[in-house]
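What follows draws every value from the coordinates through simple rules; no lab data is involved. Please read these numbers as outputs of a predicted model, since none were measured by experiment. Counting neighbours? That spans all protein chains shown, and the Cβs are built from the backbone with ideal geometry, glycine included.
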Amino acid sequence: MIYGDRHTGILVQGATGQQGSFHIPHMNTYARSVGGRGVVAGVTPGKGGQEVHGVPVYDSVRAAIAEHDVGAAVIFVPAAAATDSIMEEAHAGIPVIVAITERIPVHDTMKAIAYARMEGATVIGPNCPGLISPGEVKLGIIPAHLASRGPVGVISRSGTLTYEVIHELTRAGIGQSTVVGIGGDPVIGQTFTDVLERFRHDPATKAVVVIGEVGGALEEEGVASTDIPVVGYIAGVSAPPEKRMGHAGAIVEGGEGDAASKIRRMEALGVPVARRVAEIPALVKEFL
């Protein structure tokens, strides 16, 4: 429970769009199953006064928070509107902003994240699946049926790989404290370092799985910054150099950021790194 809990009221930007209206009932079904508040308000300019699956819709974030206690926002708006949405939520004082939207221009992301930080808000994403604290809160699109409550945190750059890893952990009887998809773009709000620091102060978390991918050095920087037990996994061992992969942040250049060098550096820091997803539960159990 490092970004919210069952008492967190959720606002959805883009509530009447295809993605927003699809995921609101999933978040609220989960909230009801754990006795949580779930999505209390939606925002779509020009659609104020409507409802989406029983959730009232407002024209602006300010109008929504005047009527509801909101502790987190989830963004499903198109890329062209995402920057303004992040800044509107930050300006309104919402402390946690989860940006699911992909293909936001990098410069726009930089501007939005810098503004959010200035306003004291935390941005997760963009281009991410959000997060889930099993038994507490779901902010985003992570399938709740894959997760189970327990002592292991998960941080990932990849959406679908996150689902595979938490499914393997759950099948092995290893529950999760919080699962955070930080996003695959070159610029993201919360890095591995940021989330690991939150996990380090979370009494419910005893170990963390870091799921990285080729490109950059965020994984190594993260594990070097913490003393909490970490198990690593790096996707893209067979990725060819100088080729941009599925995520905008996944590019290998000049021997930096390829999977083999990441694995070597993480192991040099004392972090066991699984070569296959199926190996992760056994490595985690050694810390538990």
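How would the range 142-287 be classified by its alpha-carbon gyration tensor: rounded, prolate or oblate, with rounded meaning a/c under 1.5 and the a/b versus b/c comparison settling the rest?
In terms of gyration-tensor shape, prolate.
Rank-order 62-68, 208-214 by packing density, defined as the average count of other C-beta atoms within 10 Å over each peptide's residues, highest first.
208-214, 62-68
Quick one: Karplus J couplings for the range 189-204, per residue in order, coefficients 6.51, -1.76, 1.60, θ = phi - 60°, nearest Hz, x for Gly and Pro?
Residue by residue, the range 189-204 yields x, 10, 8, 4, 4, 4, 6, 4, 5, 5, 4, 4, 9, 9, x, 7 Hz.
Over the chain, what is the relative contact order in whole percent, taking alpha-carbon pairs under 8 Å and six or more residues apart?
Dividing the mean separation by the residue count of the chain yields 13 percent.
At 222 nm, what helix-only mean residue ellipticity would the chain give, in deg cm²/dmol to the nearest 500, using -39500 (n - 2.57) for each DSSP H run of four or more?
That comes out to -9500 deg cm²/dmol.
Over all distinct alpha-carbon pairs, what is the Kirkwood Rh of the chain in angstrom?
By the Kirkwood definition, the hydrodynamic radius is 18.9 Å.
Could you tell me what percent of the DSSP beta bridges with both partners in the range 9-124 are antiparallel, to the nearest 5?
Among the beta bridges of the range 9-124, antiparallel pairing accounts for roughly 10 percent.
On a 0 to 90° scale, report how tilted helix 159-171 is relative to the longest principal axis of the chain, with both axes built from alpha carbons and the result rounded to the nearest 10.
Once rounded, one gets 70 degrees.
In the chain, what percentage of the DSSP-assigned beta bridges are antiparallel, given to the nearest 5?
So the antiparallel bridges amount to about 25 percent of the total.
What is the fewest-to-most order of ASP69, ASP108, ASP185 by other Cβ atoms lying within 10 Å of their Cβ?
Ordered from fewest to most neighbouring Cβ atoms within 10 Å, ASP69, ASP108, ASP185 come out as ASP69, ASP108, ASP185.
What is the mean projected area of the alpha carbon convex hull for the range 136-225, to one decimal in square nanometres?
Averaged projected hull area, Cα only: 5.7 nm².
Need the C-alpha centroid separation for the range 1-60 versus the range 190-207, integer Å.
26
Using a Cα-Cα cut-off of under 28 Å, which lysines could be cross-linked to LYS111, ignoring same-chain neighbours fewer than 8 residues away?
Cross-link targets: LYS47, LYS138, LYS243.
Taking amide H positions as placed 1.01 Å from N in the peptide plane, with prolines and chain starts having none, which residues 5 or more places from GLY232, or on another chain, fall under 5 Å of its amide H?
Here VAL210, VAL273, ALA274 satisfy the definition.
Could you tell me what percent of the DSSP beta bridges with both partners in the range 113-195 are antiparallel, to the nearest 5?
60
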